[in-house]
Amino acid sequence: MRTSEELRQLLARIDRRSYPAYKEVKGQYRFPGYMLSVDHVQGDPFAAPSRLSVHVKGTDAAFPRNLYEKDCCRVALQDELTRRFADQAKRCSFIAKGSGHSGLISVSACGQEVLERSACHIDPADGRLVMRFEAGFPANGRTVNSRELEKMLFDLLPKAIGASLFYRNLDAARLCRVADLAEDQKYIRDKLPELGLCAFVANGSVLPRESGVSARPMKDAVAFAAPKSLSVTLDLPHKGPLTGMGIPKGVTLIVGGGYHGKSTLLRALEMGVYDHIAGDGREYVITDATAVKIRAEDGRSIQKTDISMFINDLPNGKDTVRFFTEDASGSTSQAANVVESMEAGASLLLIDEDTSATNFMIRDELMQRVIHRDMEPITPFIDRIRELYERFGMSTVIVAGSSGAYFHVADRVIQMDRYEPKDITDLAKKEAEAFPPLREISESAMSPAFDRRPTPSPRFLGQERIKMKTLGKEGVQINRETIDLRYVEQIADSEQAAALGCCVKYAQQHIMDGKKTLKQVVDELEAAMEKGTLTAIGDSRNGAAGLARPRRQEIFACFDRYRSMKF
């Protein structure tokens, strides 16, 4: 490791040389209180910025152990420090001048959710801290401007580091509140199974968002208030008593007129699988961590999935136990989504009628009379929903605005009335008596077979370079193929999509052998991330910066939508 003074001398030596001379800067340098590592140097001022990292010893960072010894607190602290560093970086960015990305200093942009990111990591054993970020090395045209880089590395960056990565310079009370909130959120999540609940929405929560493109809370929105019949009070470790609506396991129907908050509640529940920052309005909206939002996905690929519990006896004789298609219909895609969610370990399904395939969800009375059961290969979801819960332990929350058929099978019915929830279960059941269901009792479903064994592609095992590109939250491109993630609606951040691409590559290079099931492959992926953090699956060429930990359910979803995956 070289000293900071040696770095200064090196910069003076390469000043005004052609831009590739910056490659000599790569390495580690000892600064007062921290070590600066130049991990990758961009080849051109207009190329992707250089990647750097700051390493601080636990004794120098000096964060109290209670802020990071528990996993929930550590992830929350890492998130808070990333936000603080991002604020400082924004103030410093582009003060140093030049062409292209010259002067840029940036780190992961955190949203409303608290995610484990590769940008910041604190070692739970000794408190060592690593912050990874990008910097645009300054240039005049394509000539090294090391005087501006010296300003960045010796003036601007030390100020940002000092103001964000050392406990003595931070608001101790704020950090304590961050840890307390994380512990309270974990307490609620851990309590859900014990109380027989699949979700909890605290009174006072603000569910509507600012706009369709902003996840910030809407100003002057109606605060959530639980109906008495579903009211639950929890005694949190730090906040104390907190009352809200508990959604019991089983089948829950959310109804109401248009624009009254049905989908808003469902959206809050689907993102409740993540913790949220204080002030978000949903920090005490906690959902079963395995919950999966499913919908119809016309055109998606399905890879040897057992959809026989919903679809059988296709006219073309196609196998539905190991169903394969490159262009799924709405009904087959939604059937696959249910079964794949089961395979991924989900114990709660979230469904919005508006984005579902009608013929998958229900067949009305008249249609059943006209088209006999023998002529219909689809067993609608309504005929399996009770069985999913009673046999497989999978609860369902459905938003319905036009069909009342689910009143018969629902355990409870919640009406959203001007964003206020009302328990109308008794009324709905009474009214449903006047409309007896005309359903043909289906035979019990065979348990789906989860024995798919993926085989790695030869191109991942050879010397061929694998190119990856993240397309926001909507997909990841591997070489020339795009994995379409648009309808995997619980991906909260583009860095999760980037991590999913890394999961595909890592699994094919290090785990898949054609003998392990997909479940075993995902188990080993998660074990690798637990043991070595997100850096374990990071691209060796591109580094591990810019990744956020995806849930197990999204890892399965990514593999299931990768058309080149072979089983």
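A few remarks follow.
- Neighbourhood net charge (14 Å Cβ-Cβ; Lys/Arg +1, Asp/Glu -1) for residue 31: 0
- Taking the convex hull of the alpha carbon positions in the chain and averaging its projected area over all directions gives 27.7 nm².
- Residues in region 300-311 carry Karplus couplings, in order, of 6, 8, 10, 10, 6, 9, 7, 9, 5, 6, 10, 9 Hz; the curve used is 6.51 cos²θ - 1.76 cosθ + 1.60 with θ = phi - 60°, and Gly or Pro positions show x.
- Bins of 5 Å from zero: percent of alpha-carbon pairs in region 397-517: 2, 8, 12, 11, 10, 10, 9, 9, 10, 9, 6, 2, 1, 0
- Scattering profile of region 2-170 at q = 0.20 Å⁻¹ [log10 I(q)/I(0), Debye over alpha-carbon scatterers]: -1.26
- Legend: distances between Cα atoms for 304/516; 70/191; 90/159; 505/566; 26/159; 90/151; pairs beyond 20 Å are 26/159.
- Local electrostatic count at residue 294 - Lys and Arg +1, Asp and Glu -1, tallied over other residues with Cβ under 15 Å: -4
- Convex hull (Cα only) mean projected area of region 2-58, reported in nm² to one decimal: 4.1 nm²
- Compared with the dominant principal axis of the Cα atoms in the chain, helix 262-271 is inclined by about 50°.
- Contact order relative to length of region 233-361, as percent, for alpha carbon pairs under 8 angstrom and 6 or more apart: 23 percent
- Summed residue charge, Cβ within 15 Å of residue 324's Cβ, Lys/Arg positive, Asp/Glu negative: +2
- Here the chain is assigned +1 on the Cβ of each Lys and Arg and -1 on the Cβ of each Asp and Glu. Its dipole about the Cα centre then comes out at about 2260 debye.
- Kirkwood estimate for region 172-450, i.e. one over the average of 1/r between Cα atoms, Å: 19.9 Å
- Taking other Cβ atoms within 10 Å as a rough exposure proxy, 19, 29 sort from fewest to most as 29, 19.
- Cα coordinate range in region 458-560, projected on the principal axes (Å, largest first): 30, 27, 24
- Shape call, region 287-327: gyration tensor on alpha carbons, a/c limit 1.5: prolate
- Listed by chain and number, the aspartates and glutamates whose alpha-carbon sits under 16 Å from that of residue 318, ignoring those within fewer than 8 places in the same chain, are 306, 326, 327, 376.
- Proxy reagent accessibility, fewest Cβ within 10 Å first, across 269, 485, 175: 175, 485, 269
- Spatial separation of Cα centroids for region 132-163 and region 214-239, in angstrom: 45 Å
Where a number appears in this text, it was derived from the coordinates with a stated rule and is not lab data. Since we're looking at a predicted model, the values are computed, not measured. Counting neighbours? That spans all protein chains shown, and the Cβs are built from the backbone with ideal geometry, glycine included.
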